[in-house]
Structures are given as structure tokens and as C-alpha cells.
Amino acid sequence: MLKKRFKFKKDYSLFFIILFLSGLGLFMMLPLVFLVSTAFKPSEELFIYPPRFFVENPTLQNFKDLFLAMAGDQIPLSRYFFNSLLVSCITVFFTVLLGSLACYPLSKHKFPGKDQIFGLIIVSLMFAPEVVEIPRYLVVSYLGLMDTYSALILPSLAFPIGLFLMKQFMDQVPDEIFEAGRIDGASEWTMMWRLALPLIRPAWATVVILAFTAIWNDAGSSALFTQSEEMKTLPYYLSTVNGQGVARAGANAAATFILTVPTVLIFILFQRQVLSTMAHSGIKS
Amino acid sequence: MIAYRFKNLMKEVWRWRVSYLLLSPFFILFALFIIIPTVTSTALSFTYYNILQPPHWVGWQNFKTLLVDDEIFITSLMNTLYFALITGPVGYVLAFLFAWLIHQIPKRFRTFYTTIFYVPSLTSGVAMAVVWLVLFANDSYGYLNSFLIQAGVIDEPVQWLQNVKYIMPVVIIISLWMSLGTGFLAFLAGFETINTELYDAGKVDGIRSRFQELWYITIPAMKPQMLFGAILSVVGSFKVGEISKAVAGFPSPLYAGHTVVLHLQDYAVLRYEMGYAAAISVVLFILIYGIGKLCFAVFSSKGE
């Protein structure tokens, strides 16, 4: 359609746009290329002067060191990885489930207090967990959840952005579908499971990506809500080992590489559905 | 009269009981981990509380100390504002610009470019420190220093992560690299949903270039997504701290990379002065909320 609209200068401007995007895209990729390159560098290449950007003799030594060195300590790396994976998967699952359940009444029902609740959710888009670490800590310890998986999962389930996006997505589903259901005598319960849930499914991909990225990279919960080393997650481990000098750079890069790959894969997998949800992300005040 | 109205309200509530039931699991967690902590924080900010003894009321004392006597807080506030006033708007404009540019290219290439520009925001700021510490390393082994020396721009390695002048700019650059996030996706999606008939109508009305089209048609139609993006970008830029801690250390040289969130952590986690830390968080709330409200005023689509 662009071709039709601006035919006379389409070729030049399109060419420059692609050239510009490619150039900047390449520049944006440099830190990640560097990360991958470092992760596969043998140790002698880490210390060459002047430093070289690309790896010359790629090796898996860093990954081996990472796993072997950790196995020698009390806590093997696989434990952090397992904790991260478990906590992230459960959190993402329940974020999607609770959001799906909540977005249907919030979008299609006219119960008392609805506007106030949605208003609270809009305001909480401005909420940053970092700001209320202490009272969150107090709540978690008051509930007796310290040092459990629940402490790593439950606070992250209060994820207003996810519910907000699902509710906005639900808004564009015509009300007639539910009215027809009501006329056919379906209970609200049936309509929730048979109509609302399948209709909201396209929005899941977006919530999965946003929730997964947030929880997978979250080192804060682990630092705040757990004490024993075997409850810690991978990003927490990385936040403690970084900055120990070039000697560890290879192994740390390998660990960061392991941390980064899942989020990228999930994004590539779900990308197409994401844009259809984000289209309804607007806040109409 | 009041009793009658209350009875009516209860009737309504009972009629929608399934709605409340469906909403309750989310809402309970929302109340436990967002509403209660926010309220508690506000209440604690007027007390002295060290966890061991019960909090006791001190009135406005914490706020007075914070704004009048705590020079390090003022430094951290200035650093945060410096960071937020650059990263917020610049990151926002970049996200919009790149989404717009990607929208201009044929559909089959869009996925590829979207992925390239979005991936940095998927990384963990803290974990990527392994890269930043080597790229910006203070000695000539650092990639940036080595590159600039070879290019003849500088003779001596620059202390990127030690020199007070450069710490914040480095944190800003890293954050901008990661700034094409959720807002960027919202913009991309927003562009795709604008009714193309608007553009045809615009051509009839004399719109000649892509830029006129952007200014007169696209931006007005995108206001709701732009508000969403703006809110996320405000929150994101005011909670800066972890990246600074990861690359410049804690505390950073002469507190040059000290931010409000780091000051908060200092008092909460290291000094156990919870009341004082709560006062810091209240100031941060008010800042974020005030600027967020400003965004609502600017991007409001009411009456259009």
C-alpha cells in the first residue's frame, strides 16, 4: 500500500530507510555479538592485547568450566537454572490464568466498583516493585513465605501490565457474542470457559513474553525473599559473580549467554501474535 | 434511605457474584503485593523503624532530614533526574522513530528488524554487565579505549567507569540500548491498526510527504498507545539503579552513579532504617505519579 501512496519517491526513501535500519541494527547487535564471541573464547584469547572483538578458535571450554567449577562448590549451576526455570514457568502459567479469569468480568460486566478497580490497575501501571521492597518483604515474611518458592512466585503474579493488556484485548471482542450466550441460557461460568477463554487466547503470547522476561531476569526477588543458596535463581547468581575481573569473564559470558537465549527464543516463537495484542494496548482516558 | 441504597447495592453485588469470584484471585495478590505495600510504605515514612523494635511516630522528621540534611539524597535525586530526563524522552522518541521506520518497509522484512531492535530489551541489565565491564573497561584492554586509541582519538585510556564525569553517561547509553521494549511493540502494533482509509482521505486533503502524514494522521490516531508507552517509559527511567550498581559499583566513586533507588536500598537493606527508606520511596512515588499524570494530560484522547 505504501507503493501506491508514494510511488514517485518510494524507491529512494525505502532504500535509505532499509540502509539506515540495517546500519543501526548492526550497531545494536554489537554487545550481543560480543557476548556470544566472549562466551566461546578460549582463555588465552581473553587476554590478548590489543583486544579482539571476534573469537578466533571457538571452544566450549567456558561452558564446561562453568558447570564443572560450580559442581565443585556446594551449589551446582544446574540448581540455579532449575530454580529459575521452575519459578518462571509457574509464574507465567498463573499470570496468564489469573489474568484471563480477571479480564472477562473487568471488560464485559457492569458490577459495582468495576471502574474503581480498573482505575487502580491503570494507576498501578506506574508501579515499580523496586520502590516498595521493604513492605513487600514485610508482607512475605508475615505470610511465613520466606525462603520458599511461593515467595519467588506470588509477588510477581501481581502483574498489572498483563491484566491491562488482556482487558484491552477483551474490549474489542463484540458484546453481542456474550449476549447471545446469555439468551441461550448459558451461565456466566460456562461463558467464561467456553467463550471468554478461547477468545482471549491470542493475547496470551504477549503476556507470556512480557511476564517471562520480567521474572526470568529478576534478580531482586531472589535477593530479598530467600536466604539459602539453594533457593537462589540464575540472574541472582550472575549479579553476584559479575565484576570479579577478566579471569571470570569467559565463564560469566557463558552464563549470561545461557540466561539470554530462552527469552530471545520465546520472543521469536510468539512474535506474530504479539503485535495483534499490542495494537489494543492504548490507554483511552 | 441509606439503608435502602445499601440494600440495593448489596443486591447488585450479589447479582455479579461470579464476576467478583473471577476477579478475586488476581485482586487478592494485587492487594497483598501492590496496594498494601504502597499504603504501608506511606505509613512507615512517618515513623522510625528498625525492624527489631516496633515503629514509633516521628511526624515529618524523615522528610525534613531527607530534603534538608541528606546531601547524598540530593545527589541521588539529581542523578536520577539527569538520567530520567534524558533516557525517558530520548528512549521514547527512539522507540517511536524505529517503530515508524520499520512500519515503512515491506511486511516480509518487518519481523527480522523488529527482532533485532527488540532483543536488547529482553536481556538482563545486571547479567549484561559482563559485556559492559569489558567494553567500557578503564584500562587499555577495554574495547572502547583500545578502539579510540587505535583510531587516534585519545592517547590515554579513559576511566569510563571511574571518572565522575562519565559514569552517568555510560549508564544512559546502556539504558538507551535496552530502551526499545514494550512501548516499542505497542507503537509497532499501533501503526499496523491505523485505518488506511485515513491516509487516502489525507492525500485528497493535500498531504504530500511521509512526515506530514505522520504529524497530521498517524500521531493523533496513536495517542492511546503513545500514552501507554509514555507511562512505561516514565516508570522505567525513574527506577534506574541496578545497571549503575552493576557497572560502577556501590557506592560509586563520589556517588556519581548514585540514584534514588540505590539510596533507598542503602537505607533499607544495609542500614535497616526502614522509616527513612520508606520516606525515600514516597518521594519516588510522588515523582513517578506526578510525571505520569502529566503524560495523561498530554496524551489524553478525551473529546476527540
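The values are calculated or read from the model by the stated rules, or taken from the named source; none is laboratory data. Keep in mind that what you see is a predicted model, and the values were worked out from it rather than measured. Quick reminder, even Gly has a Cβ in these numbers, built from the backbone with ideal geometry, and neighbours come from all protein chains shown.
Kindly indicate whether A:Met192 is in contact with a Ser or Thr (Cβ under 7 Å, 6 or more places away or on another chain) and in contact (Cβ under 8 Å) with a residue 40 or more places away in the chain. Walk me through how you get there before you give the answer.
Values: in contact with a Ser or Thr (Cβ under 7 Å, 6 or more places away or on another chain): no; in contact (Cβ under 8 Å) with a residue 40 or more places away in the chain: yes.
No: the conditions fail for A:Met192.
Need a quick list: helices (runs of 4 or more DSSP H) entirely within segment B:145-259 having at least 2 residues that are buried (at least 21 other Cβ atoms within 10 Å of the Cβ).
Details: elements: B:164-177, B:182-193, B:196-204, B:210-213, B:219-238, B:242-248.
In segment B:145-259, the matching helices (runs of 4 or more DSSP H) lie at B:164-177, B:182-193, B:219-238, B:242-248.
Residue by residue, here is whether (1) in a helix (DSSP H, G or I); (2) aromatic (Phe, Trp, Tyr) holds:
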position	(1), (2)
B:Val13	yes, no
B:Leu21	yes, no
B:Phe26	yes, yes
B:Gln53	no, no
B:Met78	yes, no
B:Gly88	yes, no
B:Leu97	yes, no
B:Thr115	yes, no
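So which residues in segment B:98-130 are in contact with a Lys or Arg (Cβ under 8 Å, 6 or more places away or on another chain) and without any contact (Cβ under 8 Å) to a residue 40 or more places away in the chain?
Of everything in segment B:98-130, just one residue is in contact with a Lys or Arg (Cβ under 8 Å, 6 or more places away or on another chain) and without any contact (Cβ under 8 Å) to a residue 40 or more places away in the chain, namely B:Thr111.
Among B:Leu52, B:Leu67, B:Leu22, which is the only one that is touching a helix residue (DSSP H, G or I) at 6+ places or on another chain (Cβ under 8 Å), over 18 Å from A:Met126 (Cβ atoms), more than 7 Å from every other protein chain (Cβ to nearest Cβ) and at pLDDT below 95? Spell out the reasoning first.
Values: B:Leu52 fails: touching a helix residue (DSSP H, G or I) at 6+ places or on another chain (Cβ under 8 Å); B:Leu22 fails: more than 7 Å from every other protein chain (Cβ to nearest Cβ).
Going through B:Leu52, B:Leu67, B:Leu22 in turn, the sole match is B:Leu67.
Would you confirm whether any residue within segment A:139-159 is within 12 Å of chain B (Cβ to nearest Cβ), hydroxyl-bearing (Ser, Thr, Tyr) and more than 20 Å from A:Leu224 (Cα to Cα)?
No - not one qualifying residue is present in segment A:139-159.
Looking for whichever is at pLDDT below 95, of a type in the set (A, V, I, L, M) and closer than 23 Å to A:Gln116 by Cβ here; the options are A:Leu145, A:Leu165. Which one fits? Outline the logic, then answer.
On the way: A:Leu145 fails: closer than 23 Å to A:Gln116 by Cβ.
It is A:Leu165.
Please tell me if A:Glu179 is within 11 Å of another protein chain (Cβ to nearest Cβ) and over 26 Å from the mean Cα position of the chain (by Cα).
Working: within 11 Å of another protein chain (Cβ to nearest Cβ): no; over 26 Å from the mean Cα position of the chain (by Cα): yes.
The answer is no for A:Glu179.
Can you tell me which of B:Leu67, B:Leu21 is surrounded by fewer than 20 Cβ atoms within 10 Å (Cβ to Cβ) and over 30 Å from B:Val170 (Cβ atoms)? Give the steps one after another, and end with the answer.
On the way: B:Leu67 fails: over 30 Å from B:Val170 (Cβ atoms).
Sole residue among the options that is surrounded by fewer than 20 Cβ atoms within 10 Å (Cβ to Cβ) and over 30 Å from B:Val170 (Cβ atoms): B:Leu21.
Please give the number of the condition A:Ser281 fails out of (1) part of a loop (DSSP other than H, G, I, E, B); (2) surrounded by fewer than 24 Cβ atoms within 10 Å (Cβ to Cβ); (3) in contact with a Phe, Trp or Tyr (Cβ under 7 Å, 6 or more places away or on another chain).
Looking at each condition in turn, A:Ser281 falls short on (2).
For A:Arg136, only one of the following conditions fails: (1) facing chain B (nearest Cβ under 7 Å); (2) at pLDDT 90 or above; (3) surrounded by fewer than 24 Cβ atoms within 10 Å (Cβ to Cβ); (4) closer than 21 Å to B:Leu264 by Cβ. What is its number?
The one condition A:Arg136 does not meet is (3).
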